[in-house]
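Participant: Starting off with a structure, shown below.
The values are calculated or read from the model by the stated rules, or taken from the named source; none is laboratory data. On a predicted model such as this, the values are computed, not experimentally measured, just so you know. Using ideal geometry, Cβ is built from the backbone for each residue, glycine included, and neighbour counts are taken over all protein chains shown. Remember, those area values only see protein heavy atoms, side chains included, never the ligands or the DNA or RNA. Shrake-Rupley method; radii C 1.70, N 1.55, O 1.52, S 1.80 Å.
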Amino acid sequence: MRTAIIGGGIAGLAAAYELERARAADPSVIYTLFESRDRLGGSLASETRAGTVLERGPDSFLTEKPAATELCRELGLGSELLPSNDASRKTYILVGNRLVALPDGLMFLVPTKLVPTALTPLFSFKTKARMALELLHPPRKSRNADESVAALVERHFGSEAVDRLADPLLSGIYGGDASQLSARTVLPRLVEMETEYGSLTRGMLAAHRKMRAKAAANGAAANGSKKNSAPRPIFTTLRGGMQQLVDTVKGKLDWAAVRLSTPVSALEKTADGWLVHSLGTAEFFDSVIVASPAWAAGVLLAPVDAALSDNLGAIPYSSSITVNLVYDEAKLGNLPDGFGFLVPVCEGRSLLACTFSHRKFLGRTAPGKAVIRAFLGGMRNEALLAETDAALVAIVRNDLIDILGDSTPGIGIDPEYTQVTRWRRAMAQYAVGHQDRMQRINQRVALLPGLHLVGNAYDGIGIPDCIRLGRKAAKDLVAGSR
């Protein structure tokens, strides 16, 4: 079985790793990984400078999704896994140029504690009253039609909750727009709660009670054991940066099967397999795992299936910019407590979010240094990609001085080091109608034997999702060949 993997991001690497494992048991399993760039890893890229880890792309993955942790442990990186410093976790929202902490009891955009919600300056009295009355919402009949996250949240909590809560939180995750993102895909639990309970608050409280009961039952079952019952961290990273995962997977592959700086120009379906065109030559493969972005996959598959190509090309993508600033912590002074802050669009700033990286993960920053990680771009401000590095650093610094100048006077000092990274069309957007589009895509793929699509455009945007999909595609191909 000969398999071509197109794209060397984490999804493609996970597929290659799984095929390499299969090859160790069965030499007839052959794979070739095509990557257009001169490096593997896609948006996973880290730099360690003078003992400080700087992440150019994602800095971690969700702990509750097991695929990434499982792969790290298989690779021998278990001792390198580093939990987020949740004891100090606190996130702010910028409101009127003032940092306001998210109130305690906020779960999946839903306020579940009366007193913190009543006292927070994040919302006006009108919005707080609406949140209280939300408990009276009757169950809503299940509807097949999708809607935006903004529409769902506004129906329950009002437009201010969209502007100050849903939009900045989802922008921080997806780099997208709550008025465009699919509620059924992005927040399926809330859609289900609305159907069953009507009130999202009552639904979330019921879910929380079930979770506590389950945890209590598990605790009773494990009573007397020496198992650590400490809660799992929200995020997990690697001590040496996410690049450590990329480098370790690379070390497990047959390097003769990896082709860097080798873009694929076309795919061609034959009676018994696939022709992969690259650098003026065509090679035959029994199967193809396309791990490139959906828009790129659509271009490659246009001659094979126009309808599939159109649906892939219709998946929106956002671009982003990360700016890392390294400071002398003593000169910088005290930053606000917590992990950082989010900036709603209505604040009119270029800055989307800011993370105090040296606090989020302990032990990855050199002693005496502070790392501020800023995010720009998103769906609404792609024009910033054309700015120079110096201009982007200046934009970030000016925003930080305006926002943090009173609490952290030292924010105006020059950073010791700056790093700017642009990610063009890198983050898939699960827009309204995404599930229907995925159904059409899956139907077309089912008619093309040997074709698998993996990546962040289909069934989860995170690192664990991409790893899960990449490995599953490889396993399915190996199983089907036997």
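Participant: Given 440, 444, 425, which one is part of a strand (DSSP E or B) and open to solvent by 70 Å² or more (accessible area, probe 1.4 Å)?
Facilitator: Just a single option satisfies the conditions, and that option is 425.
Participant: Let me ask something else about it. Which number in (1) surrounded by 15 or more Cβ atoms within 10 Å (Cβ to Cβ); (2) farther than 15 Å from residue 165 by Cα marks the one condition that residue 109 misses?
Facilitator: Evaluating residue 109 over (1) surrounded by 15 or more Cβ atoms within 10 Å (Cβ to Cβ); (2) farther than 15 Å from residue 165 by Cα leaves (2) as the failure.
Participant: So residue 97 fits all but one of (1) at negative phi; (2) modelled with pLDDT under 95; what number is the exception?
Facilitator: Of (1) at negative phi; (2) modelled with pLDDT under 95, only one is false for residue 97: (1).
Participant: Tally time: how many residues in the range 114-138 are surrounded by 14 or more Cβ atoms within 10 Å (Cβ to Cβ) and of a type outside the set (A, V, I, L, M, F, W, C)?
Facilitator: The qualifying residues number 8.
Participant: Which condition breaks for residue 457 when tested against (1) of a type outside the set (Phe, Trp, Tyr); (2) touching a Gly at 6+ places or on another chain (Cβ under 7 Å); (3) within 29 Å of residue 340 (Cβ to Cβ)?
Facilitator: (2)
Participant: Only one of these conditions is not met by residue 416: (1) closer than 25 Å to residue 267 by Cα; (2) open to solvent by 30 Å² or more (accessible area, probe 1.4 Å). Which number is it?
Facilitator: (1)
Participant: Let me ask you something else. Which of the residues spanning the range 361-400 are part of a loop (DSSP other than H, G, I, E, B) and among the aromatic types (Phe, Trp, Tyr)?
Facilitator: Initial filter on the range 361-400 (part of a loop (DSSP other than H, G, I, E, B)): 361-368, 378-381, 387-388.
361 - this is the single residue of the range 361-400 that is part of a loop (DSSP other than H, G, I, E, B) and among the aromatic types (Phe, Trp, Tyr).
Participant: When the range 429-446 is examined, which residues are found to be closer than 21 Å to residue 9 by Cβ, of a type in the set (A, V, I, L, M, F, W, C) and in contact with a strand residue (DSSP E or B) (Cβ under 6 Å, 6 or more places away or on another chain)?
Facilitator: Selection gives 445 alone.
Participant: Which of the residues belonging to the range 273-294 are surrounded by fewer than 17 Cβ atoms within 10 Å (Cβ to Cβ) and in contact (Cβ under 8 Å) with a residue 12 or more places away in the chain?
Facilitator: Across the range 273-294, the qualifying residues are 277, 279, 282, 283, 284.
Participant: Moving to a separate point now. Would you call residue 150 under 30 Å from residue 468 (Cα atoms), open to solvent by less than 40 Å² (accessible area, probe 1.4 Å) and free of Cβ contacts under 8 Å to residues at least 40 places away in the same chain? Explain how you work it out, then say what you get.
Facilitator: Numbers: under 30 Å from residue 468 (Cα atoms): yes; open to solvent by less than 40 Å² (accessible area, probe 1.4 Å): yes; free of Cβ contacts under 8 Å to residues at least 40 places away in the same chain: yes.
It is true that residue 150 is under 30 Å from residue 468 (Cα atoms), open to solvent by less than 40 Å² (accessible area, probe 1.4 Å) and free of Cβ contacts under 8 Å to residues at least 40 places away in the same chain.
Participant: Do we find a residue being open to solvent by 20 Å² or more (accessible area, probe 1.4 Å), closer than 27 Å to residue 322 by Cβ and among the basic types (Lys, Arg) anywhere in the range 156-164?
Facilitator: Taking the range 156-164 first, the residues open to solvent by 20 Å² or more (accessible area, probe 1.4 Å) are 159-160, 163-164.
Among the residues that remain, those that are also closer than 27 Å to residue 322 by Cβ are: 163-164.
Then keep just the ones that are among the basic types (Lys, Arg); that gives 164.
The answer is yes, given that some residue of the range 156-164 is open to solvent by 20 Å² or more (accessible area, probe 1.4 Å), closer than 27 Å to residue 322 by Cβ and among the basic types (Lys, Arg).
Participant: Let me ask another. Go through the range 401-422 and count every residue that is part of a loop (DSSP other than H, G, I, E, B) and either closer than 23 Å to residue 317 by Cβ or in contact with a strand residue (DSSP E or B) (Cβ under 6 Å, 6 or more places away or on another chain) (or both). Talk me through it step by step, then tell me what you get.
Facilitator: In the first step, residues of the range 401-422 are kept if they are part of a loop (DSSP other than H, G, I, E, B); the result is 405-408, 413-416.
Subsequent filtering for residues that are either closer than 23 Å to residue 317 by Cβ or in contact with a strand residue (DSSP E or B) (Cβ under 6 Å, 6 or more places away or on another chain) (or both) retains 415-416.
Counting residues in the range 401-422 that are part of a loop (DSSP other than H, G, I, E, B) and either closer than 23 Å to residue 317 by Cβ or in contact with a strand residue (DSSP E or B) (Cβ under 6 Å, 6 or more places away or on another chain) (or both) gives 2.
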